[in-house]
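Following: one structure in structure tokens, then a few remarks.
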Amino acid sequence: SLLATGEPSVVPVAGDRSVGGGGFTVIAGPCAVEDETQLMTLAREVRDHGADLLRGGAFKPRTSPYAFQGLGGEGLRMLREASEATGLPVVTEVLDVAGVEAVAEVAHVLQIGARNGQNFALLREVALTGLPVLLKRGFGCTVEEWLHSAEYLLMAGNGHVVLCERGIRTFENATRFTLDISAVPLVKRISHLPVVVDPSHACGRSDLVEPLAAVAAAAGADGVMVDVHHDADAARCDGKQAITPEEFGALVHRTGRVLRGL
Ligand code: PEP
């Protein structure tokens, strides 16, 4: 296996930013890019509160076909502007093979969503861009299946892979998915890839995001990715799980304390 051996890998992102190697990377931003003002304001706020990378979907994989599907190419343009204005590299999802080229022109990290974790044609195409890849765990995938997906990327010649645990489907429905925290120390033991945790998509409720981020830090995750919005009630996508910029600041502070063992 390409995963089992070697030193823990460090995934270079842009400039002096990387994921893994003992640092703790904080990725934050809206679930979906909604408009210029929303994105620009949030990007500045999350940067000022300590985010390392900006997240935001221009192409959204929504369960319902009637839900907001994202701004597409316009959203990509807004991501580029927000990145240039703040200096934050961008993590954004690519939904299909046809979209790889356009998304790769803007993204510093290409996100493979939970619903595409086993879209092997997409994995291959994304790997060939040479950009770092954030590989979400499919919510119906075992750890072994998730790591096999990572191996598709490595086998296509792209070793810059960051795993992302984002909750799996279990019998428990009090939270949206069940954050499989065991997967964090496990994949760090059986692979050399960095792993980040997305507490927002895992639990689906804003009040649990900070405690789950703290737990991720305690479990040895290489970072977290969180949804932030200044007006969650008006959010066009997953408002229930969005925390405010101020709450995000508190989350960064608390995970920092956990990491320092305070
Ligand atoms: C996301 O991070 O925007 C997202 C859609 O997450 P997931 O693929 O984990 O559902």
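Can you pull out every residue in segment 200-219 that is under 14 Å from THR25 (Cα atoms) and within 16 Å of the ligand (Cβ to nearest atom)?
Once the filter is applied, which keeps residues that are under 14 Å from THR25 (Cα atoms) and within 16 Å of the ligand (Cβ to nearest atom), segment 200-219 yields ALA213, ALA216.
Which condition number does SER83 fail, the rest of (1) away from the ligand (no atom under 14 Å from the Cβ); (2) more than 26 Å from THR41 (Cβ to Cβ); (3) not aliphatic (A, V, I, L, M) being met?
Among (1) away from the ligand (no atom under 14 Å from the Cβ); (2) more than 26 Å from THR41 (Cβ to Cβ); (3) not aliphatic (A, V, I, L, M), SER83 violates only (2).
Going by the conditions given, is GLY22 of a type in the set (Gly, Ala, Ser) and away from the ligand (no atom under 16 Å from the Cβ)?
Considered against the rule, which asks whether it is of a type in the set (Gly, Ala, Ser) and away from the ligand (no atom under 16 Å from the Cβ), GLY22 comes out as yes.
What residue, of ALA58, ALA28, is within 13 Å of the ligand (Cβ to nearest atom), closer than 19 Å to ARG137 by Cα, at pLDDT 95 or above and among the small types (Gly, Ala, Ser)?
Selected residue: ALA28, the only one of ALA58, ALA28 that is within 13 Å of the ligand (Cβ to nearest atom), closer than 19 Å to ARG137 by Cα, at pLDDT 95 or above and among the small types (Gly, Ala, Ser).
Grab the strands (runs of 3 or more DSSP E) fully contained in segment 1-44, keeping just those with 3 or more residues being within 26 Å of LYS60 (Cα to Cα) and among the aliphatic types (A, V, I, L, M).
Numbers: elements: 11-14, 17-19, 25-29.
Hits in segment 1-44: 11-14, 25-29.
The values are calculated or read from the model by the stated rules, or taken from the named source; none is laboratory data. Since the structure is predicted, the reported quantities are computational estimates derived from the model, not experimental observations. Here Cβ is always computed from backbone atoms with ideal geometry, including for glycine, and neighbour counts include all displayed protein chains.
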